[in-house]
Amino acid sequence: MNENEVKDDELELNDYRSEKDEVILKTHERINRELSGEIQKMEVGYVELELRTVPEMLADDQGLIHGGFIFSAADYAAMAAVNERNVVLVACDSQFLSPVKLGDIVSVVAKVRHKEGRKRNVHVTAHVLDIKVFDGEFKTVVTDRHVLKLHLLDEEEE
């Protein structure tokens, strides 16, 4: 393990835990969990999420689920694994490995693998039963303020 890889004891545990020693979600509070998944297990730097496919996710009459919903669940799991109020996705390298159909239950696992300053890399996999349907590496950044309140350009350039 190199010096920038995350160890549980390196994370600020008090920022994540309530008085009952459970991890509290600090981001994406208003996400539609029916379309992006429901967190089943959450630890510091780790999330398990379940996405139950519904008719609103259909891409065609054959029962194919649109890949955007699988990506949304993976993205949500990555953000929850980082669990900072102002975490944003800046890049992702991902593969869709197998189709998902209506009625499938997609199990998503996200693990923070690298932490450097404000940057976090999160590895996310998704399975239907024992079939891997998605694999991705999400690059995130934790910002001081909400991304919509950041001044990304100098006022002179606007």
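For every residue, the table says whether it meets (1) out of contact with any helix residue (DSSP H, G or I) (no Cβ under 7 Å at 6 or more places or on another chain); (2) not polar (S, T, N, Q).
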site: 67; (1), (2): yes, yes
site: 77; (1), (2): yes, yes
site: 82; (1), (2): yes, yes
site: 87; (1), (2): no, yes
site: 92; (1), (2): yes, yes
site: 95; (1), (2): yes, no
site: 107; (1), (2): yes, no
site: 117; (1), (2): yes, yes
site: 127; (1), (2): yes, yes
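If you scan the range 25-60, which residues turn out to be among the hydrophobic types (A, V, I, L, M, F, W, C) and within 16 Å of residue 87 (Cβ to Cβ)?
Here is the first cut: in the range 25-60, the residues among the hydrophobic types (A, V, I, L, M, F, W, C) are 25, 31, 35, 39, 42, 44, 47, 49, 51, 54, 57-59.
Answer for the range 25-60, where residues must be among the hydrophobic types (A, V, I, L, M, F, W, C) and within 16 Å of residue 87 (Cβ to Cβ): 25, 31, 39, 42, 44, 47, 49.
Using the structure shown, decide if residue 72 is of a type outside the set (Asp, Glu), surrounded by fewer than 23 Cβ atoms within 10 Å (Cβ to Cβ), within 23 Å of residue 116 (Cβ to Cβ) and at pLDDT 95 or above. Before you say what the answer is, go through the steps one by one.
Numbers: of a type outside the set (Asp, Glu): yes; surrounded by fewer than 23 Cβ atoms within 10 Å (Cβ to Cβ): yes; within 23 Å of residue 116 (Cβ to Cβ): no; at pLDDT 95 or above: yes.
Taking the combined requirement at face value, the residue does not satisfy it.
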| note | The residue that is surrounded by the most Cβ atoms within 10 Å (Cβ to Cβ), considering only those in the range 97-126 that are in a loop (DSSP other than H, G, I, E, B) and in contact with a Phe, Trp or Tyr (Cβ under 9 Å, 6 or more places away or on another chain), is 100
| said: Need pairs with beta-carbon distance below 7 Å; first residue farther than 20 Å from residue 149 by Cα and free of Cβ contacts under 8 Å to residues at least 40 places away in the same chain and within the range 64-89, second small (Gly, Ala, Ser) and outside any helix (DSSP H, G or I); sequence gap 6+ or separate chains. | reply: 65/59; 66/59
| field | Hits in the range 133-145 (condition: free of Cβ contacts under 8 Å to residues at least 60 places away in the same chain and under 17 Å from the mean Cα position of the chain (by Cα)) | value | 135, 137, 139, 141, 143
| query | Is it the case that some residue within the range 97-107 is closer than 14 Å to residue 42 by Cα, among the hydrophobic types (A, V, I, L, M, F, W, C) and out of contact with any His (no Cβ under 8 Å at 6 or more places or on another chain)? | reply | no
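Test of understanding: among 148, 51, which residue is of a type in the set (A, V, I, L, M, F, W, C), under 17 Å from residue 27 (Cβ atoms) and either free of Cβ contacts under 8 Å to residues at least 24 places away in the same chain or not in a loop (DSSP other than H, G, I, E, B) (or both)?
Values: 51 fails: under 17 Å from residue 27 (Cβ atoms).
Criteria check complete, one pass: 148.
Say whether the condition of being in a helix (DSSP H, G or I), acidic (Asp, Glu) and surrounded by 16 or more Cβ atoms within 10 Å (Cβ to Cβ) is met by at least one residue in the range 75-86.
Yes, that holds for at least one residue.
Here's the yes/no breakdown for (1) surrounded by 10 or more Cβ atoms within 10 Å (Cβ to Cβ); (2) on the phi < 0 side of the Ramachandran plot; (3) modelled with pLDDT of 50 or more:
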position: 11; (1), (2), (3): yes, yes, no
position: 15; (1), (2), (3): yes, yes, no
position: 30; (1), (2), (3): no, yes, yes
position: 34; (1), (2), (3): yes, yes, yes
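The values are calculated or read from the model by the stated rules, or taken from the named source; none is laboratory data. As the structure is a prediction and not an experimental result, all values here were calculated from the model. Don't worry about glycine lacking a Cβ; one is built from the backbone with ideal geometry, like all the others, and counts go over all protein chains shown.
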